[in-house]
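A short worksheet on the structure shown next.
The values are calculated or read from the model by the stated rules, or taken from the named source; none is laboratory data. Computed from a predicted model, the values in this text were never measured in an experiment. Methodologically, a virtual Cβ is constructed for each residue, glycine included, from the backbone with ideal geometry; neighbour enumeration extends over all protein chains shown. Heads up: the accessible areas ignore ligands, DNA and RNA and are worked out on the full protein's heavy atoms, side chains in. Shrake-Rupley method; radii C 1.70, N 1.55, O 1.52, S 1.80 Å.
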Amino acid sequence: KVTADAGVPPSDAVVLFDGTEESVRKNWCDGKGGPTKWKAVNGELVCVPGSGYIFTKEKFGDCQLHIEWKAPADEPGVGQGRGNSGVFLQNEYELQILESFGTDPANMKNPNYADGQASALYGQHPPLVNPARKEGVWQTYDIIFHPAVWKDGKRLHRASVTCLFNGVLVHDGWELDGPTDW
């Protein structure tokens, strides 16, 4: 039995960040497997400028992933220069993190291309809709990921992603063409 009480992770969840520096050291590393330079600051996991990517130490295949993120409110720049990051599934497939509230056609404060905005499967598939909140406000992704299945060097099934962005369905079992590429 899995319990799922309101306001706490399900009982079978692997919690990768709990707001503490201890959880950063326990669960996260840099691209070479060494300690990450990212920090826990006031309960938030914060990128240290110039520190590079951050990776989970534990490897995952099929998974359900809950991500909470926010783009900086005072980020200068436009387009891909506004809080650009991503969730990389198996270090192959990027679900874009970006300030995309300003892509509203009525007020193009932050113009961008469709498959590069928040929650896009970068360079392959734009989200079905844009439910982005303003910069500086917490956003959520609830992702269900299934990796590609291979047998004897042949792909039997493509990797697929289902994603809810701020509770709104933006990808429904989308099968990826292959790794995303920027």
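Looking only at the stretch 29-77, how many residues end up being within 30 Å of residue 148 (Cα to Cα), in a strand (DSSP E or B) and without any contact (Cβ under 8 Å) to a residue 60 or more places away in the chain?
Number of matching residues: 5.
Looking at the stretch 139-174, which of the residues that are among the β-branched types (Val, Ile, Thr) and without any contact (Cβ under 8 Å) to a residue 60 or more places away in the chain is farthest from residue 101 (Cα to Cα)?
Looking at the filtered set, the residue picked out is 149.
Do you know which residues across the stretch 12-51 are open to solvent by less than 70 Å² (accessible area, probe 1.4 Å), more than 23 Å from residue 138 (Cβ to Cβ) and of a type in the set (Gly, Ala, Ser)? Can you show your working first?
Within the stretch 12-51, the subset open to solvent by less than 70 Å² (accessible area, probe 1.4 Å) is 13, 16-17, 19-21, 23-24, 27-31, 33-34, 36, 38, 40-41, 43-48, 51.
Now restrict to residues that are more than 23 Å from residue 138 (Cβ to Cβ): 29-31, 33-34.
Listed by number, the residues that qualify are 31, 33, 34.
In the stretch 155-174, what residues are at positive phi and either hydroxyl-bearing (Ser, Thr, Tyr) or surrounded by 14 or more Cβ atoms within 10 Å (Cβ to Cβ) (or both)?
Result: 166, single match.
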